[in-house]
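The values are calculated or read from the model by the stated rules, or taken from the named source; none is laboratory data. The shown structure was predicted, so the numbers you read here are calculated from the model rather than taken from an experiment. Methodologically, a virtual Cβ is constructed for each residue, glycine included, from the backbone with ideal geometry; neighbour enumeration extends over all protein chains shown. The area values use the complete protein model at the heavy-atom level, side chains included, leaving out ligands, DNA and RNA. Shrake-Rupley method; radii C 1.70, N 1.55, O 1.52, S 1.80 Å.
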Amino acid sequence: MRKLIVSEWVTLDGVMQAPGLPDEDTDGGFTRGGWQAPYADEVFMETVTAAVAASDAVLLGRKTYDIFAGYWPTATGELAETMNSVAKYVLSRTQDKLAWQNSTLIKGDVAPEIAKLKDQTGKNILVIGSGELVQALMPYKLVDEYQLMVFPLTLGRGKRLFRETGSKQALTLVGTRTTTKGVLVLNYKTTS
């Protein structure tokens, strides 16, 4: 059985919204985007690259897919090659077709469709960003591990990974790393 790993960039106060897009105004007028940029360093990039390399599938929500599909197909480098070649599964109720290579649209119920993916043989399935999708996975206990990159800043508002409407979930710390710019990389396994 494959592991489903949620990899998220979050601020110290738990905000995950718009880490890489400055002044993103596509999601309710949020104007605090782009907060991740000053903290990228070699350790951070190694961590991101390793997570993608340990996976042979990426699971994305529609908004994250649209952002990635607008960037990765024209990007260059090892990470771009991997992102373009890896299998991509996109959960969306509004998309009819996907243009980015190796992308498969999933329109059915979240829990059984993701359970089918996890039952296949292969490497990890990586969820990147995709806040609404992650929220949909949590109640069904489909997440096997969280890789949280906690950035040393607060935003005071924005969408959070763990929201008040979420369910209780015990986690076990299985790895830590600190980047040269103070980002904590925390890996937690979920427990029953």
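Figures for the structure shown
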quantity	calculated
Matching residues, region 136-154, being surrounded by fewer than 18 Cβ atoms within 10 Å (Cβ to Cβ) and over 20 Å from ALA50 (Cβ atoms)	ALA136, PRO139, TYR140, LYS141, PRO152, LEU153, THR154
Unmet requirement for VAL52, which otherwise passes all of (1) under 30 Å from THR154 (Cα atoms); (2) in a strand (DSSP E or B)	(2)
Some residue of region 7-23 being open to solvent by 40 Å² or more (accessible area, probe 1.4 Å), in a helix (DSSP H, G or I) and modelled with pLDDT under 95	no
Test: residue in region 129-142 that is among the charged types (D, E, K, R), within 14 Å of the chain's Cα centre (by Cα) and assigned to a loop (DSSP other than H, G, I, E, B)	no
Tally of residues being open to solvent by less than 40 Å² (accessible area, probe 1.4 Å) and of a type in the set (Ser, Thr, Tyr) across region 59-88	2
Residue within region 49-57 that is at pLDDT below 95, more than 19 Å from GLN120 (Cα to Cα) and either among the β-branched types (Val, Ile, Thr) or in contact with a Phe, Trp or Tyr (Cβ under 7 Å, 6 or more places away or on another chain) (or both) present	yes
Qualifying position, being on the phi > 0 side of the Ramachandran plot and touching a Phe, Trp or Tyr at 6+ places or on another chain (Cβ under 8 Å), among GLY34, GLY14, GLY77	GLY14
Close pairs from region 106-123: first touching a residue at least 24 places away in the same chain (Cβ under 8 Å), partner part of a loop (DSSP other than H, G, I, E, B) and exposed (fewer than 12 other Cβ atoms within 10 Å of the Cβ), Cβ under 8 Å, at least 6 apart	LYS118/MET1; ASP119/MET1
Qualifying positions in region 113-133 - among the polar types (S, T, N, Q) and open to solvent by 20 Å² or more (accessible area, probe 1.4 Å)	GLN120, THR121, ASN124
Condition check for THR165: of a type in the set (S, T, N, Q), open to solvent by 60 Å² or more (accessible area, probe 1.4 Å) and modelled with pLDDT of 95 or more	no
ALA111 being among the small types (Gly, Ala, Ser), more than 22 Å from LEU148 (Cα to Cα) and part of a helix (DSSP H, G or I)	yes
Residue in region 140-156 that is without any contact (Cβ under 8 Å) to a residue 40 or more places away in the chain and at negative phi present	yes
Members of region 89-112 that are within 25 Å of LYS189 (Cα to Cα) and surrounded by 14 or more Cβ atoms within 10 Å (Cβ to Cβ)	TYR89, VAL90, LEU91, VAL110, ALA111
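Okay, residues lined up against (1) of a type in the set (Ser, Thr, Tyr); (2) free of Cβ contacts under 8 Å to residues at least 24 places away in the same chain; (3) in contact with a strand residue (DSSP E or B) (Cβ under 7 Å, 6 or more places away or on another chain):
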| residue | (1), (2), (3) |
| --- | --- |
| ARG2 | no, no, yes |
| ASP41 | no, no, no |
| GLY77 | no, yes, no |
| SER85 | yes, yes, no |
